[in-house]
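Presented below is the structure to which this report refers.
The values are calculated or read from the model by the stated rules, or taken from the named source; none is laboratory data. Keep in mind it's a predicted model, so treat the numbers as computed, not measured. A quick note on method: Cβ atoms are made from the backbone with ideal geometry, for glycine too, and the neighbour counts reach across all protein chains shown.
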Amino acid sequence: MNSIVVNLRLQDKHALLTGAAGGIGLAVATAYLQHGARCTVADIGAQPTPELGALISAHPDTLHYVRTDVTELAQIDALIAAAQQRFGPITTLFNNAAIFDMAPLLDSGEAMFDKMFAVNVKGAFFVMQKVLTQMVAHKVQGGAVVNMASQAGRRGEALVSHYCATKAAVISYTQSAALAMAPHKIRVNGIAPGVIATPMWQHVDALFAKYENLPLGEKKKRVGEAVPLGYMGEPGDICGAAVFLASDEASYITAQTLNVDGGSVMS
């Protein structure tokens, strides 16, 4: 009988994942578990989503959920403390929590600006900073951060100025943090997804329909057709890059943001 060899590329890792209740975060949490990691997952909901709850039920000894608002620094501290208490020092961060909104540039107000930068930039930075502080304090070997950027961070878009700017900031912070952490042998990289068919796209499509006077579903159809590979990605399409960058296979890679976008951005 042939034996099946399973490559547990994240064996003995403790991964903290934010924005993990659904979409890309949930897909990556599932992949990390499959590769042997213990996972602490966080999101804004008081309780896990049904999908995340099912994953926790399937992995009760290696997965647990902590409700966290990443815009509140005290809650980030509490998240890290809870994670360490459950599974020990954090060795891996998948820094994914983010929100999306859009409006014409001349109509975009302060409230939208403040909310998007609070989650996508402030939250992402301080989660990263506080996890890195813990990694340095514990002299974590093979420490890795994977920040979630976007193809939107590579360019401007007339209706999406704030989101583009927040994701450009994530790319910049990834580079700076990688240089700061290099003496500690902790790697910091990013992933810039293209258009991914997450539940958020229903909201995105509705906003484009409003501002571009399109039928519902038309923008999603068009952006998928515009991808060189010819279709929108799925959350699972991010998992290969997320596992690789978190693993020791990427031990000589830092300060990079990897495009996972079907060829939409060339760099």
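Using the structure shown, decide if residue 223 is over 30 Å from residue 91 (Cβ atoms) and under 18 Å from the mean Cα position of the chain (by Cα). Outline the logic, then answer.
Details: over 30 Å from residue 91 (Cβ atoms): yes; under 18 Å from the mean Cα position of the chain (by Cα): no.
Taking the combined requirement at face value, the residue does not satisfy it.
Taking into account only those residues within segment 61-102 that are within 16 Å of the chain's Cα centre (by Cα) and of a type in the set (Gly, Ala, Ser), which is nearest to residue 138 (Cα to Cα)?
If we take residues in segment 61-102 being within 16 Å of the chain's Cα centre (by Cα) and of a type in the set (Gly, Ala, Ser), then 97 is nearest to residue 138 (Cα to Cα).
Given the options 21, 58, name the one that is more than 19 Å from residue 122 (Cα to Cα), at pLDDT 95 or above and in contact with an Asp or Glu (Cβ under 8 Å, 6 or more places away or on another chain). Lay out the reasoning, then the answer.
Values: 58 fails: in contact with an Asp or Glu (Cβ under 8 Å, 6 or more places away or on another chain).
None of the others qualify; the one that does is 21.
Could you list, in sequence order, all residues of segment 194-236 that are out of contact with any helix residue (DSSP H, G or I) (no Cβ under 9 Å at 6 or more places or on another chain), surrounded by fewer than 16 Cβ atoms within 10 Å (Cβ to Cβ) and part of a loop (DSSP other than H, G, I, E, B)?
213, 228, 229
Looking only at segment 33-52, decide whether some residue is among the hydroxyl-bearing types (Ser, Thr, Tyr), without any contact (Cβ under 8 Å) to a residue 40 or more places away in the chain and either in a helix (DSSP H, G or I) or in contact with a helix residue (DSSP H, G or I) (Cβ under 9 Å, 6 or more places away or on another chain) (or both). Can you show your working first?
First pass over segment 33-52, keeping only residues among the hydroxyl-bearing types (Ser, Thr, Tyr): 40, 49.
Imposing the further condition that a residue be without any contact (Cβ under 8 Å) to a residue 40 or more places away in the chain reduces the set to 49.
Among the residues that remain, those that are also either in a helix (DSSP H, G or I) or in contact with a helix residue (DSSP H, G or I) (Cβ under 9 Å, 6 or more places away or on another chain) (or both) are: 49.
The answer is yes, given that some residue of segment 33-52 is among the hydroxyl-bearing types (Ser, Thr, Tyr), without any contact (Cβ under 8 Å) to a residue 40 or more places away in the chain and either in a helix (DSSP H, G or I) or in contact with a helix residue (DSSP H, G or I) (Cβ under 9 Å, 6 or more places away or on another chain) (or both).
Which of the residues belonging to segment 112-167 are within 25 Å of residue 235 (Cβ to Cβ) and among the polar types (S, T, N, Q)?
Matches in segment 112-167: 120, 147, 150, 151, 166.
Based on this model, can you work out whether residue 30 counts as buried (at least 24 other Cβ atoms within 10 Å of the Cβ), at negative phi and assigned by TED's automatic domain parsing to the domain that holds residue 147? Break it down stepwise before answering.
Working: buried (at least 24 other Cβ atoms within 10 Å of the Cβ): no; at negative phi: yes; assigned by TED's automatic domain parsing to the domain that holds residue 147: yes.
When the stated conditions are applied, residue 30 does not pass them.
With respect to residue 38, determine if the residue is surrounded by fewer than 22 Cβ atoms within 10 Å (Cβ to Cβ) and basic (Lys, Arg).
On the way: surrounded by fewer than 22 Cβ atoms within 10 Å (Cβ to Cβ): no; basic (Lys, Arg): yes.
So residue 38 fails the test.
Tally time: how many residues in segment 118-151 are within 17 Å of residue 89 (Cα to Cα), surrounded by fewer than 22 Cβ atoms within 10 Å (Cβ to Cβ) and of a type outside the set (A, V, I, L, M)?
8
This table checks each residue for (1) under 14 Å from residue 247 (Cα atoms); (2) surrounded by fewer than 21 Cβ atoms within 10 Å (Cβ to Cβ); (3) not hydrophobic (A, V, I, L, M, F, W, C).
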residue	(1), (2), (3)
26	no, no, no
65	no, no, yes
76	no, no, no
80	no, no, no
83	no, no, no
89	no, yes, yes
97	no, no, no
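For segment 77-131, how many residues are outside any helix (DSSP H, G or I), touching a strand residue (DSSP E or B) at 6+ places or on another chain (Cβ under 6 Å) and of a type in the set (A, V, I, L, M)?
Count: 3.
Could you look through segment 132-146, keep only residues that are in contact (Cβ under 8 Å) with a residue 40 or more places away in the chain and either part of a helix (DSSP H, G or I) or touching a Phe, Trp or Tyr at 6+ places or on another chain (Cβ under 7 Å) (or both), and pick out the one that is farthest from residue 18 (Cα to Cα)?
The residue in question is 136.
Before we move on, is residue 193 over 18 Å from residue 147 (Cα atoms), of a type outside the set (A, V, I, L, M, F, W, C) and modelled with pLDDT of 95 or more? Can you show your working first?
Numbers: over 18 Å from residue 147 (Cα atoms): no; of a type outside the set (A, V, I, L, M, F, W, C): yes; modelled with pLDDT of 95 or more: yes.
The answer is no for residue 193.
Of all residues in segment 152-172, how many are surrounded by fewer than 21 Cβ atoms within 10 Å (Cβ to Cβ) and either in contact with an Asp or Glu (Cβ under 6 Å, 6 or more places away or on another chain) or aromatic (Phe, Trp, Tyr) (or both)?
1
Here is a list: 253, 196, 186. Which entry is within 15 Å of the chain's Cα centre (by Cα) and within 22 Å of residue 32 (Cβ to Cβ)? Write out each step before concluding.
Working: 253 fails: within 15 Å of the chain's Cα centre (by Cα); 186 fails: within 15 Å of the chain's Cα centre (by Cα).
The unique qualifying residue is 196.
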